[in-house]
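Engineer: Sharing a structure, written as structure tokens. Questions coming.
The values are calculated or read from the model by the stated rules, or taken from the named source; none is laboratory data. These numbers come from a predicted model, not from an experiment. In this analysis, Cβ positions are derived from the backbone assuming ideal geometry, glycine residues included, and neighbour counts consider all displayed protein chains. Note: areas computed on protein heavy atoms with side chains; ligands, DNA, RNA excluded. Shrake-Rupley method; radii C 1.70, N 1.55, O 1.52, S 1.80 Å.
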Amino acid sequence: MFAREFQASLLINHYFLGAPLSTSSFDAAFIRAARAAGHAVSPAPDGYRFWDVEIGGQKISLKSTAAANLRVGTLHISKLCEAAWIQDMRGAAQREDATKRLFSDYTSAVDSIIQLRLFKDRAFYELVEIPSALLAQVADVPRAEFAPDGPSIGIPVGKNPPDFTLKLDRSDAKVTLANINKSVCRVLATWQLDPTFGNAATVPPLAT
């Protein structure tokens, strides 16, 4: 039921409006499809940080992207959250403490991130879940990784090769997650649309 309802929103936007789902319309479509599938859904109250919707007691952050440089095997979240303090942290110890405190707060508040990805050249949509436990590994990053002092600091997190790269962007005061290994995530659903205007197929459906 979720996949069929969400597919309807994709079709309307992709074919009739000529544009992918925007962030706000993605949130609305996700909530509508989850409710159609029988889930208890509550949007985050105004002013809450980090998460957008609660489903069956699970707090979820919703992200979407239609960037031209999407990769099949890795995910990218250009703005996990704002972090104005990044611009004021000048030493490794300060950056480590503030970053680990942020991720402790984030993983305490958020159970998972769900990202909708559109590969424009293929008219292919993919819904992927990134577990919050993956981000909890930031707590194990050694202090030495926080020592670089450039405008953007890239820190490998997890196994070798890393599960993802944590980027502290001092110019934009934000936290970015790059090169997230899709093998440690879960693909919830895919939709292949016909670029010449046809029917959409969806496999596999989101569990109800």
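Engineer: ³J(HN,Hα) across region 77-90 via Karplus (A = 6.51, B = -1.76, C = 1.60, θ = phi - 60°), whole Hz, x for Gly/Pro?
Structural biologist: In residue order, the calculated couplings are 10, 5, 9, 5, 6, 6, 7, 4, 5, 4, 5, 9, 8, 9 Hz.
Engineer: Pairs to check: Lys100/Lys174; Lys63/Lys174; Lys59/Lys182. Give those whose C-alpha atoms are more than 19 Å from each other in this structure. Before the final figure, lay out the partial values.
Structural biologist: On the way: Lys100/Lys174 14 Å; Lys63/Lys174 15 Å; Lys59/Lys182 21 Å.
Too far apart for the 19 Å limit: Lys59/Lys182.
Engineer: Helix 23-36 versus the longest principal axis of the chain: what angle, 0 to 90°, nearest 10, using Cα atoms?
Structural biologist: Value to nearest ten degrees: 60.
Engineer: Which values of log₁₀ I(q)/I(0), to two decimal places, follow from the Debye formula for the chain at q = 0.08, 0.14 Å⁻¹ with a uniform point scatterer at every Cα?
Structural biologist: So the normalised log intensities work out to -0.30, -0.86.
Engineer: Please compute the length gained on full extension between Tyr15 and Trp85, using 0.36 nm multiplied by the number of residues separating them and subtracting their Cα-Cα distance.
Structural biologist: Numbers: separation 70, 0.36 × 70 = 25.20 nm, distance 4.23 nm.
Result: 21.0 nm gained on full extension.
Engineer: Summing Lys, Arg as +1 and Asp, Glu as -1, what charge do residues with Cβ under 13 Å from the Cβ of Pro131 carry, Pro131 excluded?
Structural biologist: Charge balance in the 13 Å sphere: 0.
Engineer: Continuing with the same structure: Once you place label points 7 Å from the Cα toward the Cβ at Asp172 and Phe119, how far apart are they in nm?
Structural biologist: Simple spin-label model gives 2.4 nm for this pair.
Engineer: Keeping every protein chain in place, order Glu96, Glu145, Glu82 by accessible area at 1.4 Å, biggest value first, i.e. largest first. Present the calculation step by step, with values, prior to reporting the outcome.
Structural biologist: On the way: Glu96 20, Glu145 65, Glu82 120 Å².
The ordering from most to least exposed comes out as Glu82, Glu145, Glu96.
Engineer: Okay, next question. Filter the chymotrypsin sites (Phe, Trp or Tyr not before Pro) in region 22-75 down to the DSSP loop ones having no more than 16 other Cβ atoms within 10 Å, then list what survives.
Structural biologist: Numbers: sites: Phe26, Phe30, Tyr48, Phe50, Trp51; in loops: Tyr48, Phe50, Trp51.
The qualifying sites are Tyr48.
Engineer: With no solvent and one point on each alpha carbon, what is the Debye value of log10 I(q)/I(0) for region 112-161 at q = 0.21 Å⁻¹?
Structural biologist: Log10 of I(q)/I(0), two decimals: -0.87.
Engineer: Oh, and also: What distance in nm separates the two pseudo spin-label positions at Ala93 and Thr65, each 7 Å out from Cα along the beta-carbon direction?
Structural biologist: Once both label points are built, they end up 3.5 nm from each other.
Engineer: Under a plain spin-label model, where a point goes 7 Å from the Cα along Cα-to-Cβ, how far apart in nm are Ala133 and Ser24?
Structural biologist: 3.7
Engineer: Carbon and sulfur: what percent of the chain's accessible surface (1.4 Å probe)? Please list the in-between numbers first.
Structural biologist: Working: 5280 of 10180 Å².
It is 52 percent, rounded to a whole number.
Engineer: Under a cut-off of 18 Å between alpha-carbon atoms, report the aspartates and glutamates in cross-link reach of Lys159, not counting same-chain residues fewer than 8 places apart.
Structural biologist: Straight-distance partners of Lys159: Asp140, Glu145.
Engineer: To the nearest 10 square angstrom, how much accessible area does Val187 have with a 1.4 angstrom probe?
Structural biologist: 60
Engineer: While we're looking at this one, here's another question. Over the chain, what relative contact order in percent results from Cα pairs under 8 Å that are six or more residues apart? Write out the running numbers ahead of the final one.
Structural biologist: Values: 375 pairs, mean separation 46.7, N = 208.
Across the chain, relative contact order equals 22 percent.
Engineer: Could you please report the charge total around Phe119, scoring K, R as +1 and D, E as -1 over all other residues with beta-carbon less than 11 angstrom from its beta-carbon?
Structural biologist: Details: positive: Arg71, Arg117, Lys120, Arg122; negative: Asp121, Glu126.
It works out to a net charge of +2.
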